[in-house]
Amino acid sequence: QEAFAFERNSDECAAFLVNHDGRSNATVHFKGSSYKLPPKSISILPDCKTVAFNTAQVSTQYGTRLATRRHKFDSIEQWKEYKEYIPSFDKSSLRANMLLEHMNTTKDSSDYLWYTFRFHQNSSDAHSVLTVNSLGHNLHAFVNGEFIGSAHGSHDNKSFTLQRSLPLKRGTNYVSLLSVMTGLPDAGAYLERRVAGLRRVTIQRQHELHDFTTYLWGYKVGLSGENIQLHRNNASVKAYWSRYASSSQPLTWYKSIFDAPAGNDPVALNLASMGKGEAWVNGRSIGRYWVSFLDSDGNPYQTWNHIPRSFLQPSGNLLVILEEERGNPLGISLGTMSITKVCGHVSISHPPPVISWQGENRINGTRKRKYGRRPNVQLRCPRGRKISSVLFSSFGTPSGDCETYAIGSCHASNSRATVEKACLGKERCSIPVSSKNFKGDPCPGIAKSLLVDAKCA
């Protein structure tokens, strides 16, 4: 445990009390008072006496979101497409007899760097194997303009290997490898030593292994669609776009037009049917997506991309998507998000909300803060909605959390009535967590908490 105190003159003091133990509570003595610190937490004492905030005991609400679909992009007439050009060695202007490092070559101008080379084959061979070692984040491989496969690293291990059968033709063969970064690292130890991109490339032909790592390579920074700025309104020249062909070819740009949903609820784009890429609305990026990258349970980390209302016009909004894999744009939909339930779970030991430090009084020339000493459950529905019903309320020892809960062995019988009186019909409410507020202590000597789950309508 540690204490950090900051003092100025004799009347101004602030302190931070830290418990580094990740498993056990700690009781510490500081400036003549005793403080209980939860595991792995920091307590903030603005006056070196009273705990105003603890990082493990946050009096905040939990909300349940509901997504409502407002528009479907399920018609081929709604989409146009632009197939990304696959560069070859002959078209490259930057060349080197080595594999260049990705970030130093792109210089933060693009996520994408093409590595290309060519070689001669005296006969056709469908049994050769291409092996590429890369430091990520992602890689797409093309041979003679045809896609043969992708591979990627992980959060914990950036290094990965792509290994695919290589259909070679007689004569000159062209290999184009697209190295992709999903954002560039900008923090952490030894940042200057981090590298990315291809590290070794080999082709196994019959009984011979050919190493192309120190071969003559050609490079191209960025995609052709980036260079002509397909994501911008004024760049969407008709000549670049063709009718949607539903071929699901990797590295394809798609565009569509849509109207903004009515109301003020947040707007989001559901990209569950896509693979990996980036999306723009009216020329402004709403972020990268990687739906095909799954968590340990086999689910996508994220399927919704938020579209700020400030990006939208009432009608005629341009949606442009760069899809790296074989996503299906006909499965994309536009939705609005709303908070349907709000829940709070606060114990008597929680510090009161920071906002309770309010007002200023001067005593003997010094400033003192007024302090509300009771923690409370604060609930707030989205603007325009009010608390219509209390689904659960228990002052005592409720079990569980805001997702699953039940009444415990200690429960104040007037819990629901007290909360309903304070909250029904209001956009926001605050319920003090104290025995006095619930007209008595249901179980003296036992630490109590209040758990409330309410519906917004």
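The values are calculated or read from the model by the stated rules, or taken from the named source; none is laboratory data. Treat the numbers as computed from the prediction; the structure is a model and nothing was measured. So basically every Cβ, Gly included, is an ideal-geometry build from the backbone, and we count neighbours across all protein chains shown. For the accessible areas, the whole protein counts, side chains as well, though only heavy atoms, and no ligand, DNA or RNA atoms are used. Shrake-Rupley method; radii C 1.70, N 1.55, O 1.52, S 1.80 Å.
Looking at ARG200, is it exposed (fewer than 13 other Cβ atoms within 10 Å of the Cβ) and either under 21 Å from THR131 (Cβ atoms) or among the basic types (Lys, Arg) (or both)? For ARG200, the condition - exposed (fewer than 13 other Cβ atoms within 10 Å of the Cβ) and either under 21 Å from THR131 (Cβ atoms) or among the basic types (Lys, Arg) (or both) - is not met. In summary, ALA5 fulfils each of the numbered conditions (1) under 30 Å from THR214 (Cα atoms); (2) assigned to a strand (DSSP E or B) with the single exception of condition (1).
Of the numbered criteria (1) farther than 30 Å from LEU216 by Cα; (2) under 34 Å from the mean Cα position of the chain (by Cα); (3) not basic (Lys, Arg), the one ASP108 fails is (1).
Can you give me the number of residues within the stretch 77-93 that are touching a helix residue (DSSP H, G or I) at 6+ places or on another chain (Cβ under 7 Å) and open to solvent by 80 Å² or more (accessible area, probe 1.4 Å)? Spell out how you get there, then give the answer.
Here is the first cut: in the stretch 77-93, the ones touching a helix residue (DSSP H, G or I) at 6+ places or on another chain (Cβ under 7 Å) are 79, 82, 84-85.
Right, trim to open to solvent by 80 Å² or more (accessible area, probe 1.4 Å) and you get 85.
The qualifying residues number 1.
All of (1) in a strand (DSSP E or B); (2) closer than 24 Å to ARG374 by Cα hold for VAL51 with one exception: (1). Can LEU269 be described as part of a strand (DSSP E or B), closer than 25 Å to GLU146 by Cα and in contact (Cβ under 8 Å) with a residue 12 or more places away in the chain? No.
I'd like the full set of residues that are within 39 Å of the chain's Cα centre (by Cα) and open to solvent by 20 Å² or more (accessible area, probe 1.4 Å), limited to the stretch 115-131. Full working, then the answer.
Of the residues in the stretch 115-131, the ones within 39 Å of the chain's Cα centre (by Cα) are 115-117, 129-131.
VAL129, THR131, listed by residue number.
Among the conditions (1) at pLDDT below 95; (2) assigned to a strand (DSSP E or B); (3) under 29 Å from ILE446 (Cα atoms), ARG373 misses just one, which is (2).
When the stretch 341-359 is filtered for residues that are in a strand (DSSP E or B) and exposed (fewer than 15 other Cβ atoms within 10 Å of the Cβ), the ones remaining, listed by number, are GLN358, GLY359. Restricted to the stretch 279-336, the set of strands (runs of 3 or more DSSP E) holding at least 2 residues that are touching a residue at least 60 places away in the same chain (Cβ under 8 Å) and open to solvent by less than 40 Å² (accessible area, probe 1.4 Å) comprises 317-323. Return yes or no: is SER388 among the polar types (S, T, N, Q), in contact with a His (Cβ under 6 Å, 6 or more places away or on another chain) and either at pLDDT 95 or above or outside any helix (DSSP H, G or I) (or both)? The answer is no for SER388. May I ask you to verify whether GLY445 is at pLDDT below 95, out of contact with any Lys or Arg (no Cβ under 6 Å at 6 or more places or on another chain) and either of a type outside the set (Ser, Thr, Tyr) or open to solvent by 70 Å² or more (accessible area, probe 1.4 Å) (or both)? When the stated conditions are applied, GLY445 passes them.
Select from the stretch 132-178 the residues that are within 28 Å of SER296 (Cα to Cα), surrounded by fewer than 16 Cβ atoms within 10 Å (Cβ to Cβ) and in contact with a Ser or Thr (Cβ under 6 Å, 6 or more places away or on another chain) and list them in ascending order. Correct list: GLN163 only.
With respect to the conditions (1) open to solvent by 50 Å² or more (accessible area, probe 1.4 Å); (2) at pLDDT 90 or above; (3) of a type outside the set (A, V, I, L, M), PRO382 falls short on a single one, namely (1). The residues of the stretch 205-255 that are in a loop (DSSP other than H, G, I, E, B) and open to solvent by less than 40 Å² (accessible area, probe 1.4 Å), listed by number, are PHE212, THR213, GLY222, LEU223, LEU230, HIS231, SER236, TRP241, TYR244, SER248, PRO250, LEU251.
Quick grid of which residues meet (1) at pLDDT below 95; (2) small (Gly, Ala, Ser); (3) in contact with a Leu (Cβ under 8 Å, 6 or more places away or on another chain); (4) assigned to a loop (DSSP other than H, G, I, E, B):
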| residue | (1), (2), (3), (4) |
| --- | --- |
| ARG164 | no, no, yes, no |
| SER176 | no, yes, no, no |
| ALA187 | yes, yes, no, yes |
| GLU192 | yes, no, no, no |
| VAL195 | yes, no, yes, yes |
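Per the conditions (1) at pLDDT 95 or above; (2) outside any strand (DSSP E or B), the sole criterion not satisfied by LEU17 is (2).
Identify all residues within the stretch 24-70 that are more than 18 Å from SER349 (Cβ to Cβ), open to solvent by 60 Å² or more (accessible area, probe 1.4 Å) and within 24 Å of the chain's Cα centre (by Cα); write none if there are none. Listed by number, the residues that qualify are GLN61, TYR62, ARG65, LEU66, ARG69, ARG70.
Condition check ((1) under 19 Å from SER292 (Cα atoms); (2) within 31 Å of the chain's Cα centre (by Cα); (3) of a type in the set (Val, Ile, Thr)) across all residues:
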{"site": "ILE148", "(1), (2), (3)": "yes, yes, yes"}
{"site": "SER154", "(1), (2), (3)": "yes, yes, no"}
{"site": "LYS158", "(1), (2), (3)": "yes, yes, no"}
{"site": "ARG164", "(1), (2), (3)": "no, no, no"}
{"site": "LYS169", "(1), (2), (3)": "no, no, no"}
{"site": "THR182", "(1), (2), (3)": "yes, yes, yes"}
